[in-house]
1. For region 53-82, which residues satisfy the criterion of being out of contact with any strand residue (DSSP E or B) (no Cβ under 6 Å at 6 or more places or on another chain), over 26 Å from residue 431 (Cβ atoms) and hydrophobic (A, V, I, L, M, F, W, C)?
2. Name the single residue that is farthest from residue 342 (Cα to Cα) among those in region 379-403 being among the polar types (S, T, N, Q) and either touching a helix residue (DSSP H, G or I) at 6+ places or on another chain (Cβ under 7 Å) or part of a loop (DSSP other than H, G, I, E, B) (or both).
3. With more than 29 Å from residue 283 (Cα to Cα) and without any contact (Cβ under 8 Å) to a residue 12 or more places away in the chain as the only criterion, which of 117, 205 stands out?
4. Name the residues in region 291-339 that are surrounded by fewer than 22 Cβ atoms within 10 Å (Cβ to Cβ), touching a residue at least 12 places away in the same chain (Cβ under 8 Å) and under 24 Å from residue 389 (Cα atoms), would you?
5. For region 365-387, what are the residues that are polar (S, T, N, Q) and either in contact (Cβ under 8 Å) with a residue 12 or more places away in the chain or outside the structural domain of residue 355 (by TED's automatic domain parsing) (or both)?
6. Does residue 426 satisfy the criteria of being surrounded by 11 or more Cβ atoms within 10 Å (Cβ to Cβ), part of a loop (DSSP other than H, G, I, E, B) and of a type in the set (D, E, K, R)?
7. Within region 299-336, how many residues are among the hydrophobic types (A, V, I, L, M, F, W, C) and under 30 Å from residue 217 (Cα atoms)?
8. Look through 111, 76 and report the one residue that is outside the structural domain of residue 401 (by TED's automatic domain parsing), in contact (Cβ under 8 Å) with a residue 24 or more places away in the chain and surrounded by fewer than 21 Cβ atoms within 10 Å (Cβ to Cβ).
Amino acid sequence: MLTQYERPVIQKLHSGLMNKFAGNTLLHRKVKTEIADVPIDDLVAQFGSPLFVYSEQTLRRKFRTIRNAFTTRYPDVTFGWSYKTNYLKAICAILHQEGAIAELVSKMEYDKAKALGIPGNQIILNGPHKPFAMLEAAVRDGVIINIDHLDEIEDLEAIATRLNRIISVGIRLNLDAGIQPCWSRFGFNLESGQAMNAIERIASGGKLRVNGVHSHIGTFIMEPAAYARQVKKMVAFGYEVEQKYGWRMDYIDIGGGFPSRSRLKGMYHAVEVMLPSIEEYADAICDALWASLKPEHTPKLIIESGRAIIDEAGTLITRVCGTKQLPDGTRAYVIDAGVNLLFTSFWYRFDIALGHPVSGRCEPSVIYGPLCMNIDVVDDRISLPPLSRGDRLVISTVGAYNNTQWLQFIEYRPNVVLVTQTGDVELIRAAEDLSDLERREHLPPRLAVVSVPNNPMIKL
């Protein structure tokens, strides 16, 4: 019996990258032929490649798991779905059905939430850019508004004067929770006294009252104790404000930042080893609340979680469209999806599986996207068997930020589908075509060239 010839290979060992705990050799022999029990072949046959696929069952399960972790530990919890994480209408609608309100950071997101029919009293408005007209509409709608900087105080005072009433607002803090980097761009700094100065400024104006505190300490926070430190500082600040001005805090908004099962680049251990459970986060946050709050005072706890809810529900199906060998002998593959669709690949190493079994020895390989850019690299240190044009790769844990940060650059953006809880497949965003790109362009009549004149410098 003849066996297939395999050429000899010398592999350079990378300490910490190729090991039994988190090495890529075995990981990338994994084969994934279905998503939410729907064959990948069927999905591609109907909707093409590349293709984003979301599992409704996974999305609802993740939300309920996180919700239950907190609501069983504290009596008044509200989840604000972070639109910037994924603002596809179908995704937002599912999470609103599950009970999440809308957490927004721009006029565009505000318009999307209102178009979905979300009432003002179920909207949180954050972010550093709140246009005056949007602020006024938000005040009229009863939106929770967290002030980011002094100019917003002036705008809100002008709106309060126009409406002839006192406006309740929240104040955003940035603070030292004992982790690095320490986010200081948003809100008012707590430790320097800037936050209390802002409170004094609000009080002196007589147009606003502060009834909530907000803080978001970062993203992909791997240390539950950081949230405990955050909560204690926020509660202490709230009581200081109450003592000085009589404004009791109705809510404590701790933002989001919980990690998903994506691996940060540079993380050598498996996610299962490094990632705390959501129960550990809930314990740290709720225990800190109970330890800091005064008796019979249970302000609303607002959590603006995004990544931890949606990331694992999203998958991207891709196809190998070219193979090559780099000058140093490394295998390289060009696929039909790159950083235009996977912007978070600059920070995360995804779970990449084969779309069908492939025989042959695994070798260190590079996966490039289709863009004419040297930085279009999906994974630069992955162990793969020899792939051929047309082979599929299935990239998991891509639901967070990729559909909001994706680029309309060089390539059209593809179809996005949802696998329902009953196993049906629904199109939730159609693939783009030229009309999407050019719909808002205007070509002056004088430039409507129908043919290219002969150029004497070009000799055929």
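The values are calculated or read from the model by the stated rules, or taken from the named source; none is laboratory data. Here the structure is a predicted model, which means the values were calculated and not measured. Note that each Cβ is placed from the backbone with ideal geometry, even for glycine, and that neighbours are counted across all protein chains shown.
1. Matches in region 53-82: 63, 66, 69.
2. Filtering region 379-403 down to residues among the polar types (S, T, N, Q) leaves 383, 388, 396-397, 402-403.
Next, only the ones that are either touching a helix residue (DSSP H, G or I) at 6+ places or on another chain (Cβ under 7 Å) or part of a loop (DSSP other than H, G, I, E, B) (or both) stay: 383, 388, 397, 402.
Working: 383: 20, 388: 22, 397: 11, 402: 5 Å.
Out of the qualifying residues, it is 388.
3. On the way: 205 fails: without any contact (Cβ under 8 Å) to a residue 12 or more places away in the chain.
The conditions single out 117.
4. Within region 291-339, the subset surrounded by fewer than 22 Cβ atoms within 10 Å (Cβ to Cβ) is 291-300, 319-332, 334, 336.
Now narrow it down to the ones that are touching a residue at least 12 places away in the same chain (Cβ under 8 Å): 291-294, 297-300, 319-323, 326, 330-332, 334, 336.
Result: 319, 320, 321, 322, 323, 326, 330, 331, 332, 334, 336.
5. Initially, region 365-387 is screened for residues polar (S, T, N, Q), giving 365, 374, 383.
Within region 365-387, 365, 383 meet the criteria.
6. Values: surrounded by 11 or more Cβ atoms within 10 Å (Cβ to Cβ): yes; part of a loop (DSSP other than H, G, I, E, B): no; of a type in the set (D, E, K, R): yes.
No.
7. So the first thing to find is which residues in region 299-336 are among the hydrophobic types (A, V, I, L, M, F, W, C), and the list is 301-303, 308-310, 313, 316-317, 320-321, 326, 332, 334-335.
Then keep just the ones that are under 30 Å from residue 217 (Cα atoms); that gives 301-303, 308-310, 313, 316.
Number satisfying all stated conditions: 8.
8. Details: 111 fails: in contact (Cβ under 8 Å) with a residue 24 or more places away in the chain.
When all the criteria are applied, what remains is 76.
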